[in-house]
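Input: a single structure, listed below in structure tokens.
Laboratory data are not the source of any read-out in this text; all were calculated from the coordinates shown. Predicted model, so just to flag it, every value in this text is computed and none were measured. Virtual Cβ from ideal backbone geometry, glycine too; neighbours counted across all protein chains shown.
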Amino acid sequence: MNDNKTNINYYPGHMAKTKRLIKENLNFIDVVYEVIDSRMPYSSKISDIDNIIKDKTKILVMTKYDLCDKVETDKWIKYYENQGYKVIKCNLLNDNIKSLINLTLNITDINEKRKLKGMKERKIRVLIIGIPNVGKSTLTNKLVSKKVAKVGNTPGVTKNLNWIRINNDIELLDTPGILWPKIEEEQVGLNLASLTAIKEEVLPLEDVINYIITTLYKYYPNILKERYGVDNIDDFIEVLDIIGKKRGCLQKGNIVDYDKVYSIILKDIKDGIIKNITFDRYDELKG
């Protein structure tokens, strides 16, 4: 594992409040959807999740599976399944929502227990939890087949806990994205920033872009070459100049606007234009 340490304290007040409210509502919960980004299966998993949801039945929902490097991400899926997780891969666009609902109905015996006690059946209560911008709101909207939760590429769009009726059998407690108080692993922080789970100003933008370019060059050089015309990263400024000229990020005097270059690279990842990438490498972190 990467032992480099950092000290990122991006923990807005609403995140602490959310954790408190989740704990207050935990007795009402039957199943937890833990949502993580398939492109960073380690970095996007809440490090203190078990302290929050205790021993509740969990389903790990791997969102944005269509954007990941499936060979690399599937190593993580196997790892989590070996730890006892039920894993659902989800593109959020058009697949596996029915599988998630069916698994939810089959994974809990709450209504069987109620029948034995002579009680009426009730809806299964599901908590959905994850870090910012992993696709919780999009998943929620797909589950109910209509727009009920705000969706955006900016961390912190959802602010409150809301009960939402999914169907006649399931109701969902939607929650804002949360992190943990201190992000101590440098690579985790850079991954979160690269894939817009934390706000751009939390880490120096130049460092984040440098990390993205270095990671693409190391694992996906063809993407870097095809998308940006870059086949060598020995000189970071030269790389920015190549990308800036290729993408028309020029000021007067044919000078490259580096801020525009940064924005383009982040937007390409945020919008899924750069795909088939996974930044958490299983063999490096768990091998």
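Here is how the numbers come out for the structure above:
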| quantity | calculated |
| --- | --- |
| Cut-off under 5 Å, modelled amide H: who pairs with VAL32 long-range | THR57, LYS58, ILE59, LEU127 |
| Trypsin sites (Lys or Arg not before Pro) restricted to segment 219-287 and DSSP loop, no more than 12 other C-beta within 10 Å | LYS286 |
| Among LYS218, LYS17, LYS115, residue whose mean-square fluctuation peaks in a GNM of the chain (springs only between Cα atoms under 10 Å) | LYS115 |
| Listed residues ASN210, ASN232, ASN168, most fluctuating in the chain (Gaussian network, C-alpha, under 10 Å) | ASN168 |
| Residue list for segment 187-217, given a label point 7 angstrom along the Cα-to-Cβ vector of GLN251 and an amide N cut-off under 11 Å | none |
| Percent of beta bridges antiparallel (DSSP, segment 116-270, rounded to nearest 5) | 55 percent |
| Charge dipole of the chain about the Cα centre (unit charges at C-beta), most positive-ward option of GLY13, ASN25, PRO221 | ASN25 |
| nm² value of the averaged projected area, convex hull over the Cα atoms of segment 8-174 | 10.1 nm² |
| Whole-Hz couplings from phi, Karplus 6.51/-1.76/1.60, listed for segment 207-224; x for Gly and Pro | 5, 5, 5, 4, 5, 4, 4, 5, 5, 4, 5, 6, 10, 9, x, 5, 5, 4 |
| For the chain, with +1 on Lys and Arg beta carbons and -1 on Asp and Glu, the positive-most of VAL144, ILE77, CYS90 along the dipole | VAL144 |
| Spacing of the two label points (7 Å from each Cα toward its C-beta) at ASN167 and ASP259, in nm | 4.9 nm |
| Compactness relative to 2.2 N^0.38 Å, alpha carbon Rg of the chain | 1.08 |
| Calculated FRET efficiency for the pair LYS286/ASN27, C-beta based, R₀ 35 Å, to 0.05 | 0.55 |
| Folded to 0 to 90 degrees: helix 236-247 orientation relative to the chain principal axis, Cα | 80 degrees |
| Residue-averaged 222 nm ellipticity for the chain, from DSSP H runs of 4+ at -39500 (n - 2.57), nearest 500 | -12000 deg cm²/dmol |
| Segment 158-286 - Rg (one decimal) and Dmax (whole number), Cα, Å | 18.3, 63 |
| Electrostatic dipole magnitude of the chain [Cβ: Lys, Arg +1; Asp, Glu -1; Cα centre; debye, to 20] | 1740 debye |
| Dipole-positive endmost among LEU179, ASN191, TYR211 within segment 163-213 (Cβ charges, Cα centre) | LEU179 |
